[in-house]
């Protein structure tokens, strides 16, 4: 059990805080819903779709809605991947108590495309309301900035910053007069298809999970009628594209070496750089095998085009240095 799980355990004695978690509800309008999730064949993304605040009415002043997530999943070449994110979606900033009766459609990406290697996915997901205008606001802004700086899909980049994120949230959650957990879960998931899940601030057993669905406006329904309680709806979506592949640090650096050798007309250096790029790309835990192969093929074509058999040397002025993201993987 993780940090959020410990928090949920502490407040389990409060009936108003008991959560219903439904890992799969009907929501055919959400991208990726029902699509197959297979190991080494796709990436997965985490999105906050919609929510309704309820407990924040205790605050007489304005407050921020904050989403915390911590995901653990198998990773190639490492024991596990740990991804943490703290986000303040624009629609949850500077709300007042009169805003909490409205359903807010967010559709905010919380975790970017991450290679799925199979196995169990552990997820902590919490929605907090935090009073503004006090000492917690700078702490919240800082950890949200740290989370954004680290990125939301690069395990290596975020790893050294995980303690800052989790300890910052621990500090915030400890201020019970100014912080309220709206809904939260700490659970293990076995993913086979893209799914939409709901966390509901109602006693367990009070709602039939099979009655739940999400309408076209992303309002959570029970037997076709809106729920009037606090809840959060999130999705785990499979995708075949990692649009930010060009920012993978080790690949970006090695592709730059290829481009530099091409611009300098150095065939051998280009071939050596291509070999280094190929090995790093195939071994990259951030890419699924099909994308790794495709990226290597595109890099090889660049080198072959620059140094065809009949060409003796490339002009130093005729080749523009290209970034990895410009290679056009998709």
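The values are calculated or read from the model by the stated rules, or taken from the named source; none is laboratory data. Here the structure is a predicted model, which means the values were calculated and not measured. With ideal geometry, Cβ positions are generated from the backbone for all residues, glycine too; neighbour counts draw on all protein chains shown.
The combined condition, being buried (at least 22 other Cβ atoms within 10 Å of the Cβ) and assigned by TED's automatic domain parsing to the domain that holds residue 82, is not fulfilled by residue 255. Taking the criterion of being in a loop (DSSP other than H, G, I, E, B) and surrounded by 11 or more Cβ atoms within 10 Å (Cβ to Cβ), the residues of segment 207-222 that qualify are 207, 215, 218, 219. Considering (1) modelled with pLDDT of 90 or more; (2) closer than 30 Å to residue 243 by Cα; (3) in contact with a strand residue (DSSP E or B) (Cβ under 7 Å, 6 or more places away or on another chain), the lone condition that residue 20 does not fulfil carries the number (2). The listed residues are 126, 133, and the only one of them that is more than 21 Å from residue 77 (Cα to Cα), at pLDDT below 85 and not in a helix (DSSP H, G or I) turns out to be 133.
When the residues of segment 283-297 are filtered to those that are modelled with pLDDT under 95 and surrounded by fewer than 19 Cβ atoms within 10 Å (Cβ to Cβ), the one that is nearest to residue 245 (Cα to Cα) is 285. Could we say that residue 106 is surrounded by 15 or more Cβ atoms within 10 Å (Cβ to Cβ) and modelled with pLDDT of 85 or more here? When the stated conditions are applied, residue 106 passes them.
Matching residues to (1) crowded, with 21+ Cβ neighbours inside 10 Å; (2) touching a helix residue (DSSP H, G or I) at 6+ places or on another chain (Cβ under 8 Å):
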{"residue": "52", "(1), (2)": "yes, no"}
{"residue": "64", "(1), (2)": "yes, yes"}
{"residue": "83", "(1), (2)": "yes, yes"}
{"residue": "86", "(1), (2)": "yes, yes"}
{"residue": "91", "(1), (2)": "no, no"}
{"residue": "113", "(1), (2)": "yes, no"}
{"residue": "122", "(1), (2)": "no, no"}
{"residue": "125", "(1), (2)": "yes, yes"}
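Scanning segment 284-301 for residues that are within 24 Å of residue 269 (Cβ to Cβ) and part of a loop (DSSP other than H, G, I, E, B) turns up just one, 284.
Checked against (1) out of contact with any strand residue (DSSP E or B) (no Cβ under 6 Å at 6 or more places or on another chain); (2) modelled with pLDDT under 85; (3) part of a loop (DSSP other than H, G, I, E, B), residue 153 passes all but a single condition, namely (1).
Yes/no matrix, rows are residues, columns are (1) assigned to a loop (DSSP other than H, G, I, E, B); (2) more than 21 Å from residue 126 (Cβ to Cβ); (3) at pLDDT 95 or above:
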{"position": "1", "(1), (2), (3)": "yes, no, no"}
{"position": "7", "(1), (2), (3)": "no, no, no"}
{"position": "12", "(1), (2), (3)": "yes, no, no"}
{"position": "38", "(1), (2), (3)": "yes, yes, yes"}
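Among the residues of segment 147-169, are any surrounded by 21 or more Cβ atoms within 10 Å (Cβ to Cβ), under 30 Å from residue 203 (Cβ atoms) and over 18 Å from the mean Cα position of the chain (by Cα)? Checking segment 147-169: not a single residue is surrounded by 21 or more Cβ atoms within 10 Å (Cβ to Cβ), under 30 Å from residue 203 (Cβ atoms) and over 18 Å from the mean Cα position of the chain (by Cα).
Here's the yes/no breakdown for (1) assigned to a loop (DSSP other than H, G, I, E, B); (2) within 16 Å of the chain's Cα centre (by Cα); (3) farther than 16 Å from residue 236 by Cα; (4) touching a residue at least 60 places away in the same chain (Cβ under 8 Å):
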position: 44; (1), (2), (3), (4): no, yes, no, yes
position: 49; (1), (2), (3), (4): no, yes, no, yes
position: 70; (1), (2), (3), (4): no, yes, no, yes
position: 73; (1), (2), (3), (4): no, yes, no, no
position: 79; (1), (2), (3), (4): no, no, yes, no
position: 84; (1), (2), (3), (4): no, yes, no, yes
position: 98; (1), (2), (3), (4): no, no, yes, no
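Of the residues making up segment 102-111, those that are in contact with a helix residue (DSSP H, G or I) (Cβ under 9 Å, 6 or more places away or on another chain) and free of Cβ contacts under 8 Å to residues at least 60 places away in the same chain are 104, 106.
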